[in-house]
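*Asks:* For reference, the structure I am asking about is given below.
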Amino acid sequence: MPTPEFISAAECGRWDIYGPIHKGLRLAHGELLRRLGRADFDAAIPHELLGDLRTHLVLAAHHLAHEEAVIHPALDSRAPGAAAGLDTDHAHHQARLALLDSAIGAIEYAAPADRRALGRGLYLAFSTFVAEDLAHMCREEAEVWPRLCALFSDEELAALEMTIVASLSPADNIAFMRMMLPAMNRAERAALLTAMKTGAPAEAYAEVIELAARPTLAPEDLTHLSELGLAA
Ligand SMILES: [Fe+2]
């Protein structure tokens with residue numbers, strides 16, 4: 001199990017390519033696990049929950065694909081073979097995601113008498129995926145990130161992240177921002193939004209505030225953004 005010492009002082013203050021999105025994924029994983037645990041599958045098919053879970057799984061798959069398309073080849077280009085273990089983890093995750101999608105479909109078409117058992121099975125399967133993904137993301141931040149910091153400058157790490165951001169559809173961009181903004185602390189949120197406000201078209205920035213920040217943040221956090229001139 002990684003300890004805080006895995007991330008040395010040398011990485012503090014470096015470009016945090018994994019941190020914000022991983023915080024968002026952890027929060028969203030936990031929220032969906034909470035909702036699945038509270039769902040009464042006997043009473044009715046929880047269509048809204050299952051739809052949200054399916055959307056979340058698609059976003060989780062897109063996140064894996066972004067790392068595979070951009071970060072892993074970059075890592076391999078300067079440390080040949082270094083991404084092999086990550087690719088193995090990702091292949092395992094992708095298989096889990098496919099199984100979870102099947103489990104959701106099974107509930108949607110199940111006879112009422114079968115729904116309780118299938119709902120419990122989905123809850124357990126998702127909890128297992130969450131456990132595996134939490135360990136995987138920790139490994140990336142505690143072991144891979146320091147390696148990336150040793151191999152790449154902050155400008156290069158930022159360019160890798162911008163390659164991923166530029167590849168996002170507008171819908172995915174909003175969806176990932178909805179995940180990330182409520183998961184980070186105020187300083188991190190202000191830094192991210194300041195960079196976005198500087199670099200993105202005004203309409204795109206306004207959409208992030210209206211569609212991602214306003215629906216997900218507590219009133220006091222929105223006030224904090226307003227005080228900084230980051231939200232109207
Ligand atoms: Fe990953």
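*Asks:* Here is a list: M177, M184, M162, M196. Which entry is exposed (fewer than 14 other Cβ atoms within 10 Å of the Cβ) and among the aliphatic types (A, V, I, L, M)?
*Replies:* Numbers: M177 fails: exposed (fewer than 14 other Cβ atoms within 10 Å of the Cβ); M184 fails: exposed (fewer than 14 other Cβ atoms within 10 Å of the Cβ); M196 fails: exposed (fewer than 14 other Cβ atoms within 10 Å of the Cβ).
Result of the check over M177, M184, M162, M196: M162.
*Asks:* A further question on this structure: For segment 83-109, give me each residue that is of a type in the set (A, V, I, L, M, F, W, C), within 13 Å of the ligand (Cβ to nearest atom) and touching a helix residue (DSSP H, G or I) at 6+ places or on another chain (Cβ under 7 Å).
*Replies:* Hits for segment 83-109 are A83, L86, L97.
*Asks:* Would you tally the residues in segment 126-159 being more than 17 Å from the chain's Cα centre (by Cα) and surrounded by fewer than 16 Cβ atoms within 10 Å (Cβ to Cβ)?
*Replies:* Of the residues in that region, 10 qualify.
*Asks:* Just to be sure before I move on: is D172 over 22 Å from K23 (Cβ atoms), in a helix (DSSP H, G or I) and either away from the ligand (no atom under 16 Å from the Cβ) or not hydrophobic (A, V, I, L, M, F, W, C) (or both) in the structure I sent? Spell out how you get there, then give the answer.
*Replies:* Values: over 22 Å from K23 (Cβ atoms): no; in a helix (DSSP H, G or I): yes; either away from the ligand (no atom under 16 Å from the Cβ) or not hydrophobic (A, V, I, L, M, F, W, C) (or both): yes.
No.
*Asks:* Oh, and also: Only one of these conditions is not met by L157: (1) part of a helix (DSSP H, G or I); (2) away from the ligand (no atom under 16 Å from the Cβ); (3) at pLDDT 95 or above. Which number is it?
*Replies:* It fails just one condition, (2).
*Asks:* Check every one of the helices (runs of 4 or more DSSP H) wholly within segment 13-82 and list those with 3 or more residues that are away from the ligand (no atom under 16 Å from the Cβ). Talk me through it step by step, then tell me what you get.
*Replies:* Details: elements: 19-38, 47-66, 72-78.
Helices (runs of 4 or more DSSP H) meeting the threshold: 19-38, 47-66.
The values are calculated or read from the model by the stated rules, or taken from the named source; none is laboratory data. This is a predicted model, so every value here is computed, not measured. Glycine also receives a Cβ, built like all others from the backbone with ideal geometry; neighbour counts cover every protein chain displayed.
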